[in-house]
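Colleague: One structure, as structure tokens, below. Some questions next.
The values are calculated or read from the model by the stated rules, or taken from the named source; none is laboratory data. The model shown is predicted, which means the values in this text are computed figures rather than measured ones. Note: ideal-geometry Cβ built from the backbone for every residue, glycine included; neighbour counts use all protein chains shown.
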Amino acid sequence: MRILVTGANGQLGNELRIVLAQAISDEVFYTDKEELDLTNAKAVADFVVNNDITHIINCAAYTNVDLAETEKLECNAINVTAVKNIAMAADGNGAKVIHISTDYVFDGTAHRPYRESDKVNPISQYGTTKRSGETALIALAPDSIIIRTAWLYSPFGKNFVKTILRLSKEQNEIGVVCDQIGTPTYAHDLALAILAILKCHQWVSGIYHFTDEGACSWYDFAKTIVKLTENTDCKVKPILSDDFPRPAARPYYSVLDRTRIKATYGVTIPHWEDSLEDCLKRLKEL
Ligand SMILES: NC(=O)c1ccc[n+]([C@@H]2O[C@H](COP(=O)([O-])OP(=O)(O)OC[C@H]3O[C@@H](n4cnc5c(N)ncnc54)[C@H](OP(=O)(O)O)[C@@H]3O)[C@@H](O)[C@H]2O)c1
């Protein structure tokens, strides 16, 4: 395999650097915007041809959900145009694509975990562009794998875990929304799932859902972060989404059903609390 990892300076990209380096000896090219701007179709096509790429793992995205409501063009360029460019380059060269998408393609009105076949209905600009990226990829490179994930965190970049760690040191009370339910997902676990797909001898295209096991609210997640760090000086208080208005709407319920990825690729998924402990340990060692 000759693998291209895009968006390699982001949370998932950084975890893939660690996981792939430990597990495979294949050639892996890690690129971010500076090395390969995915919105440039010719640059993407040339990179794939010149380096004889066989697999593309697209971790690049416009991920600022609130800013996406105003920066529509920028968001569309990365979440849609760039995906089209990757799809065309891959299709033209027989390369396979693993693309990452989101639980925000759903509207959050379900009462059981979302399956891959459930109706999508994004309620934000970010979710809409991520869904358009999915449909473009399926149309242009139908042999691709799309993994929808949710609530990603890691020791890298900006994320909820790092925000709560900072706020809980600065304040003695923080309010966190308790009426949005999902699953915190350690980017390291997602990187291991991607590795399992790469190492498997069968390639089964289509959409997969991957998050860590379990489900909770953002409030539960924040409370667990503070509890695990043994910080008794900060109280986490439940608040309602209506009391914390944001530019972008969020799904109230976006738990994903992980049956398909487990059945197809034999992926073992840890519970989110166990993975959170591991991430906090790594953050402490930094
Ligand atoms: N974060 C979450 O909670 C979450 C939840 C569900 C799904 N996802 C999906 O999971 C995937 C990985 O997320 P993540 O949290 O690892 O994202 P991330 O940390 O925001 O990393 C994305 C990377 O893509 C890069 N990028 C942006 N525009 C680019 C361009 N034109 N060409 C090349 N690279 C570009 C970014 O660079 P700059 O930083 O310089 O812009 C950044 O390094 C994404 O597809 C995301 O939509 C994330």
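Colleague: Modelled with pLDDT of 95 or more, crowded, with 21+ Cβ neighbours inside 10 Å and closer than 18 Å to residue 263 by Cα - does that describe any residue in the stretch 148-161?
Modeller: Within the stretch 148-161 (the criterion being modelled with pLDDT of 95 or more, crowded, with 21+ Cβ neighbours inside 10 Å and closer than 18 Å to residue 263 by Cα), the answer is yes, since at least one residue qualifies.
Colleague: Output the residues belonging to the stretch 255-282 that are more than 20 Å from residue 193 (Cα to Cα) and crowded, with 16+ Cβ neighbours inside 10 Å.
Modeller: 280
Colleague: What helices (runs of 4 or more DSSP H), lying completely within the stretch 35-143, carry at least 3 residues that are within 16 Å of the chain's Cα centre (by Cα)?
Modeller: The qualifying helices (runs of 4 or more DSSP H) are 125-140.
Colleague: Name every residue in the stretch 122-141 that is touching a Gly at 6+ places or on another chain (Cβ under 9 Å) and over 21 Å from residue 110 (Cα atoms), in order of residue number.
Modeller: Hit for the stretch 122-141 is 138, nothing else.
Colleague: Turning to a different aspect of this structure: One residue is enough: does the stretch 180-196 have a residue meeting the conditions in a helix (DSSP H, G or I), over 27 Å from residue 117 (Cβ atoms) and in contact (Cβ under 8 Å) with a residue 12 or more places away in the chain?
Modeller: Checked the stretch 180-196: at least one residue is in a helix (DSSP H, G or I), over 27 Å from residue 117 (Cβ atoms) and in contact (Cβ under 8 Å) with a residue 12 or more places away in the chain.
Colleague: Sticking with this structure for a sec: Tell me yes or no: at least one residue of the stretch 3-19 is at pLDDT 95 or above, part of a helix (DSSP H, G or I), within 11 Å of the ligand (Cβ to nearest atom) and within 19 Å of residue 89 (Cα to Cα).
Modeller: Checked against the condition, which is being at pLDDT 95 or above, part of a helix (DSSP H, G or I), within 11 Å of the ligand (Cβ to nearest atom) and within 19 Å of residue 89 (Cα to Cα), the stretch 3-19 yields no hits at all.
Colleague: Under 7 Å between Cβ atoms, which residue pairs at least 6 apart in sequence (or on different chains) link something in the stretch 136-155 that is of a type in the set (Lys, Arg) with a partner that is surrounded by fewer than 22 Cβ atoms within 10 Å (Cβ to Cβ)?
Modeller: Note: pairs meeting the criteria are 148/207.
Colleague: Of the numbered conditions (1) over 20 Å from residue 203 (Cα atoms); (2) away from the ligand (no atom under 11 Å from the Cβ); (3) surrounded by 20 or more Cβ atoms within 10 Å (Cβ to Cβ), residue 22 satisfies every one except a single condition; which is it?
Modeller: (3)
Colleague: Quick one: in the stretch 60-98, which of the residues that are of a type in the set (A, V, I, L, M, F, W, C) and surrounded by fewer than 19 Cβ atoms within 10 Å (Cβ to Cβ) is nearest to the ligand (Cβ to nearest atom)?
Modeller: Filtering the stretch 60-98 for residues that are of a type in the set (A, V, I, L, M, F, W, C) and surrounded by fewer than 19 Cβ atoms within 10 Å (Cβ to Cβ), the one nearest to the ligand (Cβ to nearest atom) comes out as 77.
Colleague: Tell me which residues, restricted to the stretch 99-117, are of a type outside the set (Ser, Thr, Tyr) and surrounded by fewer than 22 Cβ atoms within 10 Å (Cβ to Cβ).
Modeller: 107, 108, 110, 111, 112, 113, 115, 116 - these are the residues of the stretch 99-117 that are of a type outside the set (Ser, Thr, Tyr) and surrounded by fewer than 22 Cβ atoms within 10 Å (Cβ to Cβ).
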